[in-house]
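Q: Can you read through this structure? Questions will come right after.
Nothing in this text is a laboratory measurement; each read-out follows from the coordinates by a stated rule. Bear in mind the structure is a predicted one, so any value in this text is a computation, not a measurement. Neighbour counts are summed over all protein chains in view; Cβ atoms, including those assigned to glycine, are modelled from backbone coordinates with ideal geometry.
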Amino acid sequence: MTNCLFCKIAKKVIPSDIVYEDDHVLAFSDINPQAPQHKLIIPKKHIASLNELTSEDTLLVGQVIQTAKQLATQLGMSEGYRLVSNCGSLAGQSVFHLHFHLLGGRALHWPPG
Ligand code: AMP
Ligand code: ZN
């Protein structure tokens, strides 16, 4: 997707604070952190949101979530963290390239609102 912010980040056209990368997955710091630790984990493949997932993406999404778990451990948050994907504008999605927010480093409240 030529005009997608996170595709540009995945291709390093736009710089980011990368904390993990492999052939299929990228993780980087959120530019506007909502917690002491706030990383975004994305598939490099352009998928607009959870709504656009197909059965072909099942392994890829598993790799994204495994990356989140590993990062949470590396960042010392295995005692408690949140992994969330906002799907659709009503849920607050502002970048339409599938991403998971990994949040932690403080007590997290529920419901999130
Ligand atoms: P969402 O609102 O769920 O779509 O999340 C998009 C997230 O992307 C927000 O938390 C933004 O702070 C974050 N964001 C936007 N632009 C950048 C950027 N250039 N680098 C890192 N994070 C960004
Ligand atoms: Zn994209």
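Q: May I ask you to say which residue of Leu90, Leu83, Leu26 is in contact with a Phe, Trp or Tyr (Cβ under 9 Å, 6 or more places away or on another chain) and more than 16 Å from ligand 2 (Cβ to nearest atom)?
A: Unique residue meeting the criteria: Leu83.
Q: Take the residues of the range 30-59 that are surrounded by fewer than 17 Cβ atoms within 10 Å (Cβ to Cβ) and among the hydrophobic types (A, V, I, L, M, F, W, C): which is nearest to ligand 1 (Cβ to nearest atom)?
A: Filtering first and then ranking leaves Ile31.
Q: Answer with yes or no whether Asp17 is surrounded by fewer than 18 Cβ atoms within 10 Å (Cβ to Cβ), free of Cβ contacts under 8 Å to residues at least 24 places away in the same chain and at negative phi.
A: So Asp17 fits the description; yes.
Q: Any idea which of (1) in contact with a Leu (Cβ under 9 Å, 6 or more places away or on another chain); (2) under 19 Å from Gly105 (Cα atoms); (3) charged (D, E, K, R) is the one Asp57 doesn't satisfy?
A: (2)
Q: Another question, then. For the range 36-75, give me each residue that is of a type in the set (D, E, K, R) and in contact (Cβ under 8 Å) with a residue 40 or more places away in the chain.
A: Lys39, Glu52
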